[in-house]
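> The structure that follows is given in the form of structure tokens.
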Amino acid sequence: MTGSPEATVGATAAPTPSGDRAHVAATIAAVDASVRAVERLQAKVRRRPGQYIRWLPRQDRFLRDTSRRKLIRAGNQHSGKTTVALYEVICRCLGRHPYLSVRPPPIRCWVVCARVDQSIPIQQKFVDLLPEGVLDNLDRFDPGAGFRNEAREAVFKNGSRVKFMTTGQD
């Protein structure tokens with residue numbers, strides 16, 4: 001009964017020819033090199049996440065807009081309004097904007113949300129967009145509760161502050 005499951009149980013694979021071993025070794029080396037390249041890119045993204053975002057046209061127009069007051073409107077969960085607005089806040093807090101000349105830090109900002117429960121994921125998105133090492137109180141951030149200080153604010157090492165508030169002004 002060759003070919004039946006019983007006939008193959010306990011069978012061992014034939015030895016791999018040395019040419020196949022060399023191919024396997026080369027493949028493993030290539031995969032290792034690719035993994036190291038991805039790890040280097042991940043480290044760069046952690047240092048400056050906003051530089052690696054491919055902005056949508058509406059987001060790019062928002063970032064390039066020189067108006068003193070800006071507004072971006074679109075449907076719910078559509079077009080990255082929160083992401084680009086938070087990135088704008090972060091750039092201004094750092095005093096470095098990709099397109100505009102901005103006031104030097106420190107500055108104070110408010111991020112206003114409708115409700116506290118809506119504010120928590122927005123605070124998480126804010127933290128995710130931050131360049132590595134710019135906050136003085138990142139240890140006070142809890143992914144489930146937001147910034148755990150009395151003022152619910154992010155404090156940058158350069159003195160800039162972002163206060164997360166609700167429309168009830170709490």
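> So Val111 passes all but one of these: (1) within 23 Å of Gln59 (Cα to Cα); (2) surrounded by fewer than 19 Cβ atoms within 10 Å (Cβ to Cβ). Which condition number does it fail?
Among (1) within 23 Å of Gln59 (Cα to Cα); (2) surrounded by fewer than 19 Cβ atoms within 10 Å (Cβ to Cβ), the lone unmet condition for Val111 is (2).
> Follow-up question, since we're still on this one. Taking the condition in contact with a Pro (Cβ under 8 Å, 6 or more places away or on another chain) and of a type outside the set (A, V, I, L, M, F, W, C), does Asp60 pass? Even if it seems obvious, please write down each step before you answer.
Details: in contact with a Pro (Cβ under 8 Å, 6 or more places away or on another chain): no; of a type outside the set (A, V, I, L, M, F, W, C): yes.
No: the conditions fail for Asp60.
> For region 44-60, which positions are at pLDDT below 90, farther than 14 Å from Tyr99 by Cβ and assigned to a helix (DSSP H, G or I)?
Of everything in region 44-60, those that are at pLDDT below 90, farther than 14 Å from Tyr99 by Cβ and assigned to a helix (DSSP H, G or I) turn out to be Lys44, Val45, Arg46, Arg47, Pro49, Tyr52.
> Quick one: would you say Ser34 is surrounded by 10 or more Cβ atoms within 10 Å (Cβ to Cβ), at pLDDT below 90 and at positive phi? Talk me through it step by step, then tell me what you get.
On the way: surrounded by 10 or more Cβ atoms within 10 Å (Cβ to Cβ): yes; at pLDDT below 90: yes; at positive phi: no.
In short, no.
> Right, here's the next one. When you go through (1) in a loop (DSSP other than H, G, I, E, B); (2) modelled with pLDDT under 95 one by one for Pro104, which number turns out not to apply?
Condition (2) is where Pro104 drops out.
> Does Ile72 satisfy the criteria of being among the β-branched types (Val, Ile, Thr) and outside any helix (DSSP H, G or I)? Please lay out each step first, then the result.
Numbers: among the β-branched types (Val, Ile, Thr): yes; outside any helix (DSSP H, G or I): yes.
Spelling it out, Ile72 is indeed among the β-branched types (Val, Ile, Thr) and outside any helix (DSSP H, G or I).
> Test each condition in (1) under 21 Å from the mean Cα position of the chain (by Cα); (2) open to solvent by 40 Å² or more (accessible area, probe 1.4 Å); (3) within 22 Å of Gln51 (Cα to Cα) for Ala145 and report the one that comes out false.
(3)
> I would also like to ask the following. For residues in region 148-168 being more than 22 Å from Glu132 (Cβ to Cβ) and β-branched (Val, Ile, Thr), which is least open to solvent (accessible area, probe 1.4 Å)?
Here is the first cut: in region 148-168, the residues more than 22 Å from Glu132 (Cβ to Cβ) are 150-152, 163, 165-168.
Subset that is β-branched (Val, Ile, Thr): 166-167.
Working: Thr166: 9, Thr167: 95 Å².
Only one residue fits best here, namely Thr166.
The values are calculated or read from the model by the stated rules, or taken from the named source; none is laboratory data. Note that the structure is predicted; figures quoted are calculated from it, not measured. Using ideal geometry, Cβ is built from the backbone for each residue, glycine included, and neighbour counts are taken over all protein chains shown. Each accessible area value is taken on the protein alone, full model and side chains, heavy atoms only, with ligands, DNA and RNA left out. Shrake-Rupley method; radii C 1.70, N 1.55, O 1.52, S 1.80 Å.
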